[in-house]
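The values are calculated or read from the model by the stated rules, or taken from the named source; none is laboratory data. Since we're looking at a predicted model, the values are computed, not measured. We place every Cβ from the backbone using ideal geometry, glycine too, and count neighbours over all the protein chains shown.
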Amino acid sequence: MVKHFSPFIPNKKARSDESNEELEGFANISTVAIMSARVGSISDNRLGGWYSYRASKAGINQLVKTFDNHLRTSSGDKAMALALHPGTVKTDLSKEFWKGVKKDKLFESEWVAERLMNVVRDVGIQGRGKCWDWDGREVLP
């Protein structure tokens, strides 16, 4: 995804059109947001297990950090990359885990999508290169 969409990311010389009403409510800079998970956090790993899943999410977090470093050089403050942790979302992917999740921590997809859009907008350029959860809290590496 990063390979194929990166040509569309503005560089430092690109002009921005901040008056576009269709983009109202979105982040004011080009943003590459990649889904991750809290289990990708090495410092937060107290339970072990899920070796491949944890490793893949830690890899995503490294990709986001590395790509954001590239964007700092090529795009300055016109683009950023960050990772997002949606929590446990009520989809077929997580269905077998629903029974072990507290009712107030099992989220509807529409609600999470709105929350994550707000997180991207709210963390802004200061949140670049990091992983953020659905509640706007940083997921430490």
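Quick notes on this one:
- Within segment 102-128, if we keep just the residues that are touching a helix residue (DSSP H, G or I) at 6+ places or on another chain (Cβ under 8 Å) and surrounded by fewer than 18 Cβ atoms within 10 Å (Cβ to Cβ), the residue that is farthest from Thr73 (Cα to Cα) turns out to be Leu106.
- For segment 43-68, the tally of residues that are at positive phi and surrounded by 13 or more Cβ atoms within 10 Å (Cβ to Cβ) stands at 1.
- Scanning segment 80-104 for residues that are under 14 Å from the mean Cα position of the chain (by Cα) and over 19 Å from Glu114 (Cα atoms) yields one hit, Met80.
- Contacts under 8 angstrom Cβ, first residue in segment 35-49 being closer than 16 Å to Thr88 by Cβ, partner at pLDDT below 90, 6 or more apart: Arg38/Asp44; Val39/Asn45; Val39/Trp50
- All positions within segment 50-95 that are in a helix (DSSP H, G or I), of a type in the set (Phe, Trp, Tyr) and without any contact (Cβ under 8 Å) to a residue 40 or more places away in the chain: Tyr51, Tyr53
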